[in-house]
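For reference, the structure discussed in these notes is given below.
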Amino acid sequence: MSLEIGSIAPDFELNDQFGQKVSLSSFKGQKNVVITFYPFAFTGTCTGELCALRDDISAFLNDSVQLLAISCDSPFTQKVFAERENYQFPVLSDFWPHGATAKAYGVFEESRGCALRGTFIVDKTGVVRWSVVNGLGAARDLNEYKKALSSL
């Protein structure tokens with residue numbers, strides 16, 4: 001079961017596509033954070049969703065918002081995926097311990113070893129203010145992210 005609205009978002013520290021550690025807590029008091037879990041790099045729906053974020057990046061990466069994309073793919077896969085698609089936001093690897101962050105957010109699909117399509121908007125105090133969790137093949141609507149962000 002995924003996190004409930006109003007709960008404290010579990011902190012995490014994961015490596016991005018450059019091998020740099022990124023933690024949720026590093027944004028506390030500074031930025032609202034959009035955490036978007038996706039199943040697998042290089043797949044059609046995942047690439048489409050992240051490219052849509054890339055193409056509208058000013059809404060999701062600015063002075064008040066930080067976008068973090070997370071999958072259970074290896075750090076090496078994340079690096080090549082981010083380079084190929086020119087992602088200018090952190091693409092984080094939840095590879096080891098495998099899916100620990102996705103599990104903490106209630107979006108790990110045990111039978112496939114990947115994250116579901118879960119998105120969580122965490123406010124500057126670390127509280128989950130909005131979320132959506134879709135199945136593996138169901139893309140999310142970025143306009144819903146924008147509506148949720150505008151209410152913060």
Original post:
Hey, what did the range 112-152 get for relative contact order, percent, Cα under 8 Å, at least 6 apart?
Top reply: 37
**OP:** Provide the three semi-axes, in whole Å and in decreasing order, of the ellipsoid equivalent to the chain as defined by the square roots of 5 times the Cα gyration tensor eigenvalues.
**Re:** 20, 17, 16
**OP:** Pick out, from 132, 25, 44, the residue whose Cα sits farthest towards the positive end of the charge dipole of the chain, with +1 on the Cβ of Lys and Arg and -1 on the Cβ of Asp and Glu.
**Re:** 25
Original post:
Summing -39500 (n - 2.57) over the DSSP H runs of n ≥ 4 in the chain and dividing by its residue number, what mean residue ellipticity at 222 nm do you reach, to the nearest 500 deg cm²/dmol?
Top reply: -7000 deg cm²/dmol
Original post:
Using the beta-carbon distance between residue 103 and residue 138 and R0 = 22 Å, what value does 1/(1 + (r/R0)^6) give for FRET efficiency, to the nearest 0.05?
Top reply: 0.60
Original post:
In percent, what relative contact order does the range 8-152 have, based on Cα pairs under 8 Å that are 6 or more apart in sequence?
Top reply: 29
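Rule-based calculations on the coordinates, nothing more; no lab input. Everything quoted here is computed from the prediction, not taken from an experiment. Using ideal geometry, Cβ is built from the backbone for each residue, glycine included, and neighbour counts are taken over all protein chains shown.
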